[in-house]
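K.L.:
Just dropping this structure here.
The numbers here are math on the coordinates, done by the rules we state, and not lab data. Quantities reported herein were computed from a predicted structural model and do not represent experimental measurements. FYI the Cβ positions are ideal-geometry reconstructions off the backbone, even for glycines, and counts take in every protein chain you see.
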Amino acid sequence: MESRDNPRYPFTAEAEVIELQSGTRIIGRMSDLAREGCYVDTINPFPPGAIVKVRLTQEKKFFEGQAKVVYAQVGMGMGLFFTSAKPEQLWVLEKWLGELSGQLPRHRDAPEPEEQAGAEGSLKQEQLYVLNELIITLMRKDMLTEAEGTAMLRQLLGQDAANAPAAR
């Protein structure tokens, strides 16, 4: 029986899924998204247990990572469990989830972190990515609750900057 710790949200994006062992590529449509994975609508899904590279694209933004097929139904689609992604990709995922959950306002033209940072800001951006990844890892290991992790991610993304207490 499948157990979900994080909510799923309806979310449509183009999905490109490549099975790593054979190199077979499937183009489908992602129909829902969660912190730990997604569901891809496709007529010919990969079998459960397959290790895949997934690229989800929506409105010129994309998330790319590695995943494992956890279930599949021919003619319908497959459920993917994210197993790894680079920190900047996790940033995109968390931004999408924040927008879907209503925790973050949706800004279509808001610059991405790498666009905001100048040359002197690149070290700061790397530090933000590491913090983002650490918070997500702590949430996945149930060391932080969803509410605690979301609050930290919102603060990290600058959403609570106006409400944050001044450092003394």
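K.L.:
Pulled fully out, how much extra length does the chain show between Tyr9 and Ile27, if you take 0.36 nm times their separation in residues and subtract their Cα-Cα distance?
P.N.:
On the way: separation 18, 0.36 × 18 = 6.48 nm, distance 2.06 nm.
Net length gain for the segment: 4.4 nm.
K.L.:
How large is ³J(HN,Hα) for each residue in segment 64-71, as worked out from phi by the Karplus curve 6.51 cos²θ - 1.76 cosθ + 1.60 (θ = phi - 60°), to whole Hz, x for Gly and Pro?
P.N.:
9, x, 9, 8, 10, 6, 9, 7
K.L.:
Once the piece of chain linking Phe81 and Thr57 is laid out straight, how much longer is it, given 0.36 nm per residue of separation minus the C-alpha distance between them? Mind dumping the intermediate values first?
P.N.:
Numbers: separation 24, 0.36 × 24 = 8.64 nm, distance 1.72 nm.
Full-extension gain reported as 6.9 nm.
K.L.:
Gly37's amide H: which non-local residues (gap 5+, or another chain) put their own amide H closer than 5 Å, with H modeled 1.01 Å from N in plane and none for Pro or chain starts?
P.N.:
Distant-sequence amide H within range of Gly37: Phe82.
K.L.:
Could the peptides 85-96, 54-65 be put in order, highest first, of the mean number of other beta-carbon atoms found within 10 Å of their residues?
P.N.:
Working: 85-96: 19.6, 54-65: 16.3.
In decreasing order of mean packing, 85-96, 54-65 become 85-96, 54-65.
K.L.:
Shifting gears a bit: Please list 16-24, 135-143 highest first by mean number of surrounding beta-carbon atoms within 10 Å per residue.
P.N.:
Numbers: 16-24: 13.4, 135-143: 15.0.
Going by the mean number of other Cβ atoms within 10 Å, highest first, we get 135-143, 16-24.
K.L.:
Which entries in Lys68/Lys141; Lys53/Lys141; Lys61/Lys141 show an alpha-carbon gap greater than 20 Å? The partial results should precede the final answer.
P.N.:
Numbers: Lys68/Lys141 18 Å; Lys53/Lys141 23 Å; Lys61/Lys141 28 Å.
Pairs exceeding 20 Å: Lys53/Lys141; Lys61/Lys141.
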